[in-house]
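Below: the structure, in structure tokens.
The values are calculated or read from the model by the stated rules, or taken from the named source; none is laboratory data. Treat the numbers as computed from the prediction; the structure is a model and nothing was measured. Here the Cβ positions follow ideal geometry from the backbone for every residue, glycine too, while neighbour counts run over all protein chains shown. All accessible areas refer to the heavy atoms of the entire protein, side chains included, with ligands and DNA or RNA removed. Shrake-Rupley method; radii C 1.70, N 1.55, O 1.52, S 1.80 Å.
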Amino acid sequence: MKVLVVGNVFKDVYLNIDERAEKFETDEDGVKWLDIGFNTSEHRFFSRASTLGGALITLEILGRMKQDVSFVKKDIRFNEENGIEFEKTSGTDLYRYILVANEQTAYFAPSFERVTTFDLPSEPVDYIFVDRSANLKDSRQVLKYLEDSPNTKLAVHLKKTPSSEALNELAKRADLVFVEDRALSFKHNNIVYLGENLIKYQGITQGFDTPRANLMTHLSIYSILAATILGGIMLGEPVEKCLKFAKTNVENSNLDACLSLERLEELSA
């Protein structure tokens with residue numbers, strides 16, 4: 001099936017703070033704290049890693065699940081042999097800086113997100129998936145496309161934080177809505193609830209583990225869950241198997257790659 005992914009590209013930069021050189025304190029909930037005075041003092045990290053994320057996670061997962069996937073940015077594409085491919089002109093929309101201490105994380109994110117644009121697909125698509133990274137300010141182009149293409153289905157992923165009016169309007173029209181640990185302000189009959197360690201959909205609950213050793217963030221986890229479930233639905237798999245695919249993918253993926261459909265089938269058996 002053909003699917004168009006709508007969203008933004010992030011570059012996550014991880015700094016693994018050297019606990020031997022820094023003075024951390026741990027509170028009663030097990031959360032680490034580090035005081036940093038802006039007094040020209042020097043602080044130490046022992047490793048640095050960076051990865052591209054946001055909608056690219058969705059693009060790769062759907063591609064590896066054998067879907068004919070394209071991205072709203074036409075200079076970024078998925079190739080089954082090489083994975084994500086970029087034109088020279090392509091760049092990231094946003095940078096996030098992530099401090100890591102013993103598998104716990106803190107984020108520095110931009111105050112203002114780049115607005116996501118929607119360009120009409122060059123050929124008909126079966127699905128439009130508005131990824132959790134999308135920052136749409138206007139829903140009219142998407143709604144007009146759906147009106148002109150009644151066979152195209154819409155899936156929308158809403159973050160924990162309050163969504164823009166444009167995203168809410170699309171979610172009301174969507175065939176499938178992903179939400180993160182919060183109730184919607186409007187009624188919808190087809191909702192996937194994504195939690196920090198469980199998924200609920202159509203009366204079925206699936207738990208999962210989220211090891212932090214691979215530096216995967218909770219932001220990436222939500223994207224992996226949603227994209228894998230959508231991929232399973234597009235394959236025509238039953239709900240229980242879709243949720244099991246999501247559990248398997250999130251527990252076995254890392255910063256570099258997600259699982260192929262063959263590997264998902266093998267590990268979910």
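With K and R counted +1 and D and E -1, the other residues having a Cβ less than 15 Å from that of residue 34 yield a net charge of -4. In Å², and per residue, what accessible area does the range 88-202 have when probed at 1.4 Å with the other protein chains present? In whole numbers, the range 88-202 has 56 Å² accessible per residue.
Using a Gaussian network model of the chain whose springs link C-alpha atoms within less than 10 Å, name the residue from 243, 59, 120 with the highest mean-square fluctuation. With Cα springs under 10 Å in the chain, the top fluctuation among 243, 59, 120 is at 120. Relative to the longest principal axis of the Cα atoms of the chain, the long axis of helix 239-252 makes an angle of roughly 30 degrees.
Take the chain, connect every pair of alpha-carbon atoms lying under 10 Å apart with a spring to form a Gaussian network, then pick out the residue of 54, 203, 231 with the largest mean-square fluctuation. Checking each option, the largest mean-square fluctuation is seen for 203. The charge dipole of the chain, taken about its Cα centre with unit charges on the Cβ atoms of Lys, Arg (+1), Asp and Glu (-1) only, comes to about 540 debye.
Which loop-located GluC sites (Glu not before Pro) does the range 19-59 contain, where loop means any DSSP state but H, G, I, E or B and the Cβ has at most 16 other Cβ atoms within 10 Å?
19, 22, 28, 42
Using a cut-off of 18 Å between Cα atoms, the listed pairs 2/241; 2/74; 11/66 include 2/241; 11/66 as exceeding that distance. Each 5 Å bin from 0 upward holds the following percent of the Cα-Cα pairs of the range 1-79: 3, 12, 16, 13, 10, 9, 9, 9, 12, 5, 1, 0. Taking 17 Å as the cut-off, the amide N atoms of the range 117-147 that come nearer than this to a point 7 Å along the Cα-to-beta-carbon line of residue 68 belong to 121-129. Between residue 265 and residue 240, the distance separating the two model label sites (each 7 Å from Cα on the Cα→Cβ line) works out to 1.9 nm. Measuring with a 1.4 angstrom probe and ignoring ligands and nucleic acids, residue 148 comes out at about 100 Å² accessible. Taking the chain as a Gaussian network of alpha-carbon nodes connected by springs under 10 Å, the highest mean-square fluctuation of the residues 208, 129, 38 belongs to 38. For the chain, how big is Rg over Rh, using alpha carbon atoms and the Kirkwood form of Rh? Result for the chain is an Rg/Rh of 0.98.
Can you pull out the trypsin sites (Lys or Arg not before Pro) in the range 72-164 whose DSSP state is coil and whose Cβ has at most 13 other Cβ atoms within 10 Å? Write down the numbers at each step before the final one.
On the way: sites: 73, 74, 77, 88, 96, 114, 132, 137, 140, 144, 153, 159, 160; in loops: 73, 74, 88, 114, 132, 137, 159, 160.
Counting only loop positions with at most 13 other Cβ atoms within 10 Å, the trypsin sites (Lys or Arg not before Pro) in the range 72-164 are 74, 88, 114, 137, 160.
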